[in-house]
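Enquirer: Quick one: the structure is below, questions incoming.
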Amino acid sequence: MSTKLTQPGAVKLIVLLGVLAVSGSAILIRLSAVHYVAAATYRMLFTVGLMAPTMMYRMRRRPAAVAEPPMDGAARFWCIVGGVFLALHFGFWFKSLQLTSVSTATVLVNTHPLFVMLLGMVVLREKVPAAAAIWMLVAMAGSAGLALGGTGFGESALEGNLMAIAGAMFVSVYMVIGRYARRSVSLLRYTFLVYLAAASTLLLYALASGVDLGPYPPREYVIFLAMAVFPTLLGHSVFNWALKYLKMSFVSTAILGEPVFATILAIFIFVEIPGPWTVLFGALVIFAIYRFTVADNES
């Protein structure tokens, strides 16, 4: 890769573009008219399909001297488990956007750093600075206020808010698993196997539960492709790539722009204007997570 693209300034710009790309996730999900499990399934199937040629090319063209060693059974197992939790994340996240506002759902699903920290404390026995713990409690209190507050979606709002929080919990498990699996697996191989496991999980669930998988109007397949390209490959995959060149604190902080950009897009596309309660508690949660991230990375 060009050295110009790996300079800190260029990487930061690419990350910010990635934030814009991932901010379109909620909008694309809302635009789709199909069952939420079908939409999630096709998003991951399209992602795997787009990654497959690169994966095959790397496996064929990479010299034997620098080829990756074969994956052991444990690494492969954890990649599959991570994919299952990613599938659960997508299922709950997609459903939440049918029940609550874009602004509330995106803020709540981005509380995953808090759950990552809690899992790190419990599972990995990681120590947490006192300042980070305080801001974590503030963020959790703000999340509770946001989840319980009105969003203009009536009785379905609370259920949607809780589903968004569940989505944050599931993706945090996926992230913690990734910390372990990535120690011995390259980024490309890891993401491909995880996405493949997620796509397989969603497809099996859709088939078992009788979800209609099409055929759909061409418009829907364009949306699925956009989901795969923008929020997935140009969003989340870019963040994983950028961690090689930037501090985690910058990437984590930049990602907090997703609820802001998603809310702005929802205002213009759906005329979905957040109320004062959503703005107040949403801003509190974003600021608290920002302060939590800074405190945790300064330790």
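Enquirer: Given labels modelled 7 Å from the Cα in the Cβ direction, how far is it in nm from Val294 to Ile264?
Expert: For Val294 paired with Ile264, the spin-label model returns 2.1 nm.
Enquirer: Say we join alpha carbon atoms closer than 10 Å with springs in a Gaussian network model of the chain; which of Ser184, Ser32, Ser172 then has the biggest fluctuation?
Expert: Ser184
Enquirer: Related question: I'd like the distance separating the alpha-carbon centroids of segment 1-62 and segment 148-222, in whole Å.
Expert: Using only Cα atoms to place each centre, the spacing works out to 14 Å.
Enquirer: Another question, then. Pick from Ala166, Ala144, Ala26: which is most flexible by mean-square fluctuation in a GNM of the chain where alpha carbon atoms under 10 Å apart are linked?
Expert: Comparing Ala166, Ala144, Ala26 in a Gaussian network model of the chain, the most mobile one is Ala144.
Enquirer: Something else: Going by the alpha-carbon gyration tensor, a ≥ b ≥ c the square roots of its eigenvalues, is segment 224-299 rounded (a/c under 1.5) or, if a/c is not under 1.5, prolate (a/b greater than b/c) versus oblate?
Expert: Oblate, because a/c is 1.5 or more while a/b does not exceed b/c.
Enquirer: Related question: When only C-alpha pairs under 8 Å and at least 6 residues apart count, what is the relative contact order of segment 3-297, in percent?
Expert: Relative contact order for segment 3-297 comes out at 41 percent.
Enquirer: Can you work out ³J(HN,Hα) from phi for every residue in segment 71-88, in order, using Karplus 6.51 cos²θ - 1.76 cosθ + 1.60 and θ = phi - 60°, giving whole Hz and x for Gly and Pro?
Expert: So the Karplus estimates, Gly and Pro as x, are 6, 7, x, 5, 5, 5, 4, 5, 5, 5, 4, x, x, 5, 5, 5, 4, 4 Hz.
Enquirer: List the extent of the Cα atoms of the chain along each of their three principal axes, largest first, rounded to whole Å.
Expert: 59, 52, 38
Enquirer: Tally Lys and Arg at +1 and Asp and Glu at -1 over the other residues with C-beta under 12 Å from the C-beta of Ser101: what net charge comes out?
Expert: That sum, taken over residues with Cβ under 12 Å, equals 0.
Enquirer: Another one. Using the Cα centre of the chain as the reference point, and only Cβ charges (+1 on K/R, -1 on D/E), how large is the resulting charge dipole? Debye, rounded to the nearest 20.
Expert: 1140 debye
Enquirer: Could you work out which residue, out of Ala21, Ala199, Ala130, moves most in a Gaussian network model of the chain, that is, has the largest mean-square fluctuation with Cα springs under 10 Å?
Expert: Ala130
Enquirer: Shape of segment 132-277 from its Cα gyration tensor (a ≥ b ≥ c, root eigenvalues): rounded if a/c is under 1.5, otherwise prolate when a/b > b/c, or oblate?
Expert: Verdict is oblate for segment 132-277.
Quick note: the coordinates plus some simple rules give every number you see, no bench work behind them. All values reported here derive from a predicted model rather than from experimental measurement. Don't worry about glycine lacking a Cβ; one is built from the backbone with ideal geometry, like all the others, and counts go over all protein chains shown.
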